[in-house]
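Below is one structure, written out as structure tokens, with a few remarks after it.
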Amino acid sequence: MNDLKFTTAGEYMSSPKVYEENIDYELTPASDNEYGWNVRILVGPFVETVIRFGNLAANEKEGHLSFNFKVIQSPDPDLTENDESLQEEAGKILNSIIERGLKDGSVLTTERKKN
């Protein structure tokens, strides 16, 4: 998986779509990982595509969140993590998950240990 960089929308973008759990995507437990969650996309060009996020890291100096993900399944057999439109969609969904989680306390943040 390649690390991707995601920066929330700035002034150069129109009002971004706000993604909502169980409307735009749903979280389902990963059957092969007791701590993992899959994200099934429910609307748009990647409907029924299932992805799983990997590592997340905030880079305060550069002002972005780096993340990676992989495609678990998709109706499009040629769809991969390298698809830029899917990368953008994944970033927007991840932003929604983090925002909701920080509000309701279901997302915990920890400091990265320095080597």
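The values are calculated or read from the model by the stated rules, or taken from the named source; none is laboratory data. Model, not experiment: these values are computed from the prediction. Here Cβ is always computed from backbone atoms with ideal geometry, including for glycine, and neighbour counts include all displayed protein chains.
Applying the criterion of being among the polar types (S, T, N, Q) and surrounded by fewer than 17 Cβ atoms within 10 Å (Cβ to Cβ) to the residues of segment 49-67, the residue that is farthest from residue 113 (Cα to Cα) is 66. Segment 1-112 holds strands (runs of 3 or more DSSP E) entirely within its bounds, and those carrying 1 or more residues that are at pLDDT 85 or above map to 25-29, 37-41, 50-59, 64-73.
Residues in segment 73-97 that are touching a residue at least 40 places away in the same chain (Cβ under 8 Å) and of a type outside the set (D, E, K, R): 82, 85, 86, 87, 90, 91, 93, 94, 95, 96, 97.
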